[in-house]
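Okay, so here's the structure we're looking at.
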Amino acid sequence: MDLSQLPDITSLLVRPDNPPRNDLEGMDYARCAALHNYLIQYAWLAEGRPLATLNANDNFFTTFGDEAEAEACRPRLDPSLAAFLDTAMISPFPFDNPHEYLPFYVFAWGIDGPNNLFEEAEADMHDQPIDSLMRLYAVISHVDGSGSVIYHQRFHRVAIFMHIDAYDYGFPVEDNRYVWNPLETLLTHWIDLIHLGKVVASPKKEPALFDFEKIGPWEWRPYSEAQVTTCVAEWDRLCQAIEARISQLPNPPSPISPISGTDADNPEPLVASTVLDAASVPDPSFARLFLTRARRPWFHYIAPGLLLPRADSAGFVAAQPFSVLPRSEYTAPPVCLFPADTGDQRPIQLTRTTSPWLLSDFYSTCTKTCTPSRVSAGLYTEAVERNGDEPTEEGFRLLLPFTFNDDWSRKVGARKSDGQFVDRGRFSELFQHGFKPFGGDYYRPQRLERLLDCWRKLVEKGVWSIGPEGVEGTIDTFRDAESDRWEDYYIPPTW
């Protein structure tokens, strides 16, 4: 795949130093169309077709021009949206079946015809003005296929709803600012997933890894090499933040410490490969790569009440209730990365209604005698079926020996990234996504690198105190998430 044929869109991607423009009355249609067209061109190249054979003039109005409805739509469109539809390419038909066109992305089929453009029923249901809601893209969903990327012509923002029931999360628009974003922000996130290697494009006829069902040329990978690298980098930043504060203590311990038996010039990994072999951690897997590439620091506690993993085989295996269970060839079981301290290992009862969705459902195929019903608190990787929907090995579940927001009369409480309260009675939703404003099913977990970044900020801001053995406090410190300090335990929304 010759990526040199693609246009350079670096200056168009949304970044902290290159945010969406706020001096425009409508959509930044030129920027959005360029990002949209980049995805069309990328998929075309992935199918092994020269970019010169792609007709750049195939847009909404030329493609559907024979239908009177196409031009009839124009007066009902905001001028900037009409300009986008004049410039954005329509997904072409490169396959043998003339009715099978090139999917726009792993989450979206592409721009649809004029008959499906106006979401009149949804506008009426949610008390929105006539012609305000536009179905910009039809969504690819594993639920019921009824979702859409909606463009709001009054606010000039988009929201992606993976299925029809998700619309309730988006209204009223003014109260759901995490859900609605400029179109260029959404497209940037989708392009970033490609550059990161989480989403990969290749000819449709080529099989995907782990028998994953491809969406045309598009494939969602369980993890990428770049994700391992960025996660290890976040781990090192967190460790450095803790070590810097330990060194400022009145009597700091020496960096060359019997705690780990290592030094800064010859760091040992968090867990050695031989130990992971003894615990049946899959090879390769995100958990294995992270644990063997992340350095082992010279303190004990990485978060309140959470310890570094044991470095010896017996100790590490004893903390793994899932990895030794029977599993299929596609299984990446949960791995306990950071177990709770001995004094905080209050057993957690796993049930179908309170456990992480995949953690409980994934092991329902095991016999009742081998499925753990009580596990210890700690930070676990996600349970993943690599050939399933949106496998996310870089995800995590923080299992806590208590739940949040049980008192509905409280005006504050632990929140997910979408700003909504953590569900009552759940012990595994702290730091999680909630509604995903850039696409994806509700059960996909938050990424480990984002958690490590959040914890580093808690250390650097002094929210967490540091002692000679690392982060001080017990696991009950996480209860602060449902106090006035809930924002300290909140991860802003992303993909």
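The values are calculated or read from the model by the stated rules, or taken from the named source; none is laboratory data. Predicted model only: the values in this text are computed from it and were never measured. Here Cβ is always computed from backbone atoms with ideal geometry, including for glycine, and neighbour counts include all displayed protein chains. Only protein heavy atoms, including side chains, enter the accessible area calculation; ligands, DNA and RNA are left aside. Shrake-Rupley method; radii C 1.70, N 1.55, O 1.52, S 1.80 Å.
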When the residues of region 1-26 are filtered to those that are touching a helix residue (DSSP H, G or I) at 6+ places or on another chain (Cβ under 8 Å) and in a helix (DSSP H, G or I), which remaining residue is surrounded by the most Cβ atoms within 10 Å (Cβ to Cβ)?
12
Can you name every residue in region 252-272 that is open to solvent by 60 Å² or more (accessible area, probe 1.4 Å) and either modelled with pLDDT of 95 or more or in a helix (DSSP H, G or I) (or both)?
none
Suppose the filter is over 19 Å from residue 198 (Cβ atoms), crowded, with 17+ Cβ neighbours inside 10 Å and either among the aromatic types (Phe, Trp, Tyr) or modelled with pLDDT of 90 or more (or both); does residue 475 pass it?
yes
Quick one: how many residues across region 194-251 are assigned to a helix (DSSP H, G or I) and of a type outside the set (Val, Ile, Thr)?
21
Pairs with Cβ under 9 Å, 6+ apart, first in region 106-133 and of a type in the set (A, V, I, L, M), second open to solvent by 50 Å² or more (accessible area, probe 1.4 Å) and part of a helix (DSSP H, G or I)
111/63; 117/69; 117/76; 130/76; 130/120; 130/124; 133/120
Just to be sure, is residue 86 surrounded by fewer than 17 Cβ atoms within 10 Å (Cβ to Cβ) and either in contact with a strand residue (DSSP E or B) (Cβ under 7 Å, 6 or more places away or on another chain) or at pLDDT 90 or above (or both)?
yes
Tell me the residue from 42, 38, 29 that is at pLDDT 95 or above and open to solvent by 70 Å² or more (accessible area, probe 1.4 Å), please.
29
Residues located in region 16-58, provided they are basic (Lys, Arg) and either within 23 Å of residue 108 (Cα to Cα) or outside the structural domain of residue 108 (by the TED database) (or both):
31, 49
Identify, from the list 4, 91, the residue that is in contact with a strand residue (DSSP E or B) (Cβ under 7 Å, 6 or more places away or on another chain), small (Gly, Ala, Ser) and at pLDDT below 90.
91
Take the residues in region 443-467 that are open to solvent by 10 Å² or more (accessible area, probe 1.4 Å) and free of Cβ contacts under 8 Å to residues at least 40 places away in the same chain, then tell me which one is nearest to residue 396 (Cα to Cα).
454
What pairs can you find where one residue is in region 483-495 and farther than 19 Å from residue 227 by Cα, the other is of a type in the set (A, V, I, L, M, F, W, C) and exposed (fewer than 15 other Cβ atoms within 10 Å of the Cβ), and their Cβ atoms are less than 6 Å apart, with a gap of 6+ or different chains?
484/412; 486/412; 488/463
Hits in region 313-340 (condition: in a loop (DSSP other than H, G, I, E, B), surrounded by fewer than 22 Cβ atoms within 10 Å (Cβ to Cβ) and touching a helix residue (DSSP H, G or I) at 6+ places or on another chain (Cβ under 7 Å)):
325, 330
I need a count of the residues in region 424-434 that are surrounded by fewer than 23 Cβ atoms within 10 Å (Cβ to Cβ) and either more than 26 Å from residue 222 (Cβ to Cβ) or of a type in the set (A, V, I, L, M, F, W, C) (or both).
3
Of the conditions (1) of a type in the set (Gly, Ala, Ser); (2) under 23 Å from residue 92 (Cα atoms); (3) crowded, with 18+ Cβ neighbours inside 10 Å, the single one that residue 146 does not satisfy is (3)
Going by what's in this entry, would residue 174 be described as of a type in the set (D, E, K, R), in a helix (DSSP H, G or I) and at pLDDT 95 or above?
no
Flagged in region 197-224 as open to solvent by 40 Å² or more (accessible area, probe 1.4 Å) and either of a type in the set (Lys, Arg) or over 24 Å from residue 328 (Cβ atoms) (or both), in numbering order, are 204, 205, 221
Failed condition for residue 139, given (1) modelled with pLDDT under 95; (2) at positive phi:
(2)
